[in-house]
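The values are calculated or read from the model by the stated rules, or taken from the named source; none is laboratory data. All of these numbers come straight from a predicted model, not from anything done at the bench. Cβ placement follows ideal geometry from the backbone for every residue including glycine, while neighbour counts extend to all protein chains displayed. Just the protein is used for accessible areas: all its heavy atoms, side chains included, with ligands, DNA and RNA removed. Shrake-Rupley method; radii C 1.70, N 1.55, O 1.52, S 1.80 Å.
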Amino acid sequence: MTAGQGSSGNVLAAICSFFIPGLGQLVQGRPFKALIMFVLAAVLWIIWMGWIIHLWSILDAAMFKPRG
């Protein structure tokens, strides 16, 4: 069964990304995107701009639609 947008899997992924940027993408099986989100958020938090990537990570996880 494939989870689509609005599914409980996406809600869980968005919640995971709320706590740690990129964790939701990792839960969805997208390790490369998870690494990008985590590293960008970590780097940008140094200059107080990490919240942008953090929000992007949450929205990306919530709106993810698997191909197929």
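Below, the figures for the structure above:
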| read-out | value |
| --- | --- |
| Tally, over the range 5-34, of residues that are in a helix (DSSP H, G or I) and open to solvent by less than 50 Å² (accessible area, probe 1.4 Å) | 9 |
| Pair list, Cβ under 7 Å, 6 or more apart: the range 33-59 residue over 14 Å from residue 23 (Cβ atoms) and touching a residue at least 12 places away in the same chain (Cβ under 8 Å), other residue of a type in the set (Gly, Ala, Ser) and crowded, with 18+ Cβ neighbours inside 10 Å | 50/41 |
| Among the residues listed as 63, 37, the single one being at pLDDT 75 or above, open to solvent by 70 Å² or more (accessible area, probe 1.4 Å), under 10 Å from the mean Cα position of the chain (by Cα) and among the aliphatic types (A, V, I, L, M) | 63 |
